[in-house]
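Asker: Mind having a look at this structure? Questions to follow.
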Amino acid sequence: MLPVLCSITDALESVGVPIEQFHCEGSENAYELVTGPLPPLEAVDSLTTSKETARRVCRHQKIDLTFNPSPPAINGLHMNLSITGPETEILEDYFLAGILAHIKALCAFALVRPESYDRTVAGQWCTGRYVAWGTENRELVVRKRRSCLWELRVTDAAAQMYLFVAGVLISGAAGIRNKTKLTLLDCPALLSADDRMQYGIEDELPSSPSEAFRALLKNRVMVEHFGEELLTTYVAVQEAFNKQLENVGPKGSDIRRDWLTARI
């Protein structure tokens, strides 16, 4: 697969997508490409370009490529996010607290397919089950890498990234504006139920798309900024897609996997 990966990276660089590294992932025939930092909107544009470019390279070489969240591999699409400027080290906890306060609603953009929720379990090095964060903890929804730099691990390639990134910025800005206190402590590892209580970790992430969609429509900050009409239309479209997916076949079936593979 190395020649194919090199062809993909060459093609991406030729269309202006900066590549920092590529490597094998933990599952068979799974690979990760890491693109360089860009401003939020440009980063999502670059993601869209990257996916389509990789598809075209593989199609030309008669290789099946998918970004399907699951199965066979558990695939994420993690976003690194930093804030810079005056007093950011003072504001960073407010920013993070804002994101965590609205993360359940953000799951409506980040985890939109039933297959996406294969990643919200402990021990997968993905998103984990709880609303929590930790320094260099890859089992949580937010991994803090250093001051003012985080990895948001909740998204996969089925995510609606334009809306998700906008929602993250709305949430972080609300945290700064309202001086939202970061009550969740820095979580170092997988914890027992008693230990989670000591770190303030109580809330679980949604367990299905429908639960996430309900959280989105009930979130006053999201409704205020996106507008009720946009959000209700968005939810209706996603629910219709998931209903069609249900009609294709049961979760885990080959026919459903193949149908999703061709579309994500």
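What follows is calculated from the coordinates using simple rules that are stated; it is not laboratory data. Bear in mind the structure is a predicted one, so any value in this text is a computation, not a measurement. So basically every Cβ, Gly included, is an ideal-geometry build from the backbone, and we count neighbours across all protein chains shown.
Asker: Just going by the charge dipole of the chain, with Lys and Arg at +1 and Asp and Glu at -1 on Cβ, which of N137, S46, N80 is farthest out on the positive end?
Answerer: S46
Asker: Could I ask something else about it? Based on alpha-carbon positions alone, could you give the equivalent ellipsoid semi-axes of the range 141-224 from the gyration tensor, as √(5λ), descending, whole Å?
Answerer: 23, 17, 15
Asker: Using only alpha carbon pairs under 8 Å that are at least six residues apart, calculate the relative contact order of the chain and give it in whole percent.
Answerer: 20
Asker: Report the charge-dipole magnitude of the range 71-184 in Debye, nearest 20, computed about the Cα centre from +1 at each Lys and Arg Cβ and -1 at each Asp and Glu Cβ.
Answerer: My answer is approximately 160 debye.
Asker: Right, next: If I take every Cα pair under 8 Å that is 6 or more residues apart in the range 1-102, average their sequence separation and divide by the length, what percent do I get for the relative contact order?
Answerer: It rounds to 20 percent for the range 1-102.
Asker: Just to check I understand the Karplus step: with θ = phi - 60° and J = 6.51 cos²θ - 1.76 cosθ + 1.60, what whole-Hz values come out for the range 82-92, glycine and proline as x?
Answerer: So the Karplus estimates, Gly and Pro as x, are 10, 10, 9, x, x, 6, 5, 5, 6, 8, 4 Hz.
Asker: Averaging over all projection directions, find the projected area of the Cα convex hull of the chain and quote it in nm² with one decimal place.
Answerer: With the hull built on Cα positions only, its mean projection is 14.4 nm².
Asker: What number, rounded to the nearest 500 deg cm²/dmol, is the helix-based mean residue ellipticity at 222 nm of the chain, given -39500 (n - 2.57) per DSSP H run of at least four residues and division by all its residues?
Answerer: -15000 deg cm²/dmol
Asker: From the phi of every residue in the range 247-261, what ³J(HN,Hα) in whole Hz does the Karplus formula 6.51 cos²θ - 1.76 cosθ + 1.60 yield, where θ is phi - 60° and glycine or proline is x?
Answerer: 6, 5, x, x, 4, x, 6, 4, 5, 5, 4, 5, 5, 5, 4
Asker: Provide the packing ranking of 203-213, 187-197, i.e. peptides ordered by the mean count of other C-beta atoms within 10 Å per residue, highest first.
Answerer: Ranked by mean Cβ neighbours within 10 Å, highest first: 203-213, 187-197.
Asker: Under a 5 Å amide H to amide H cut-off, with H placed in plane at 1.01 Å, what residues pair with I19 once short-range neighbours are removed?
Answerer: G36
Asker: For A159, enumerate residues with amide H under 5 Å from its amide H, sequence gap 5+ or separate chain, H modeled in the peptide plane.
Answerer: Distant-sequence amide H within range of A159: zero hits.
Asker: Binning at 10 Å from 0, report for the range 1-65 what percent of all alpha-carbon pair distances ends up in each bin.
Answerer: 21, 55, 23, 1
Asker: Percentage of Cα-Cα pair distances in the range 1-138 greater than 25 Å, rounded to whole percent?
Answerer: For the range 1-138, the fraction of Cα-Cα distances above 25 Å is 37 percent.
Asker: Give me the Kirkwood hydrodynamic radius of the range 33-87, using the inverse of the mean 1/r over all pairs of distinct Cα atoms, in Å to one decimal.
Answerer: Evaluated on the range 33-87, it is 13.4 Å.
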